[in-house]
Amino acid sequence: MRDLRDLTRYRKKLIHHRTSEQNRIHKILQDANIKLTSVLSDIFGVSGRRIL
């Protein structure tokens, strides 16, 4: 049970870091007047990652 809880906490931490980085990239793009959200619904999807 302890190992499962540790893995769950680690996964939650990784997801939080990924979300933080996605938000940081999104903010950098907006500050540079690159508005990908008006063209793409998900800038981290397949098409969005290819454009980036």
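Laboratory data are not the source of any read-out in this text; all were calculated from the coordinates shown. Please read all numbers here as calculations on a predicted model, not as lab measurements.
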Stretched out fully, how many nm does the piece from Asp42 to Lys12 gain, at 0.36 nm a residue minus the Cα gap? 8.7 nm
Note: Asp3 to Asn33 extended length (0.36 nm per residue) minus current alpha-carbon separation gives 6.3 nm
Could you point to the label whose value was computed as Rg and Dmax of the Cα atoms in Å for the structure here, given (i) 15.1, 48; (ii) 21.8, 69; (iii) 11.9, 41? (i)
What 222 nm value per residue comes from the helices of the chain, counting each DSSP H run with n ≥ 4 as -39,500 (n - 2.57) and dividing by all residues, nearest 500 deg cm²/dmol? -23500 deg cm²/dmol
Under 15 Å from the Cα of Lys27, which aspartates and glutamates turn up, not counting those fewer than eight places away in the same chain? Asp42
For the chain, longest principal axis from Cα atoms; helix 2-31 axis from its Cα atoms; angle between them, nearest 10 degrees, is 10 degrees
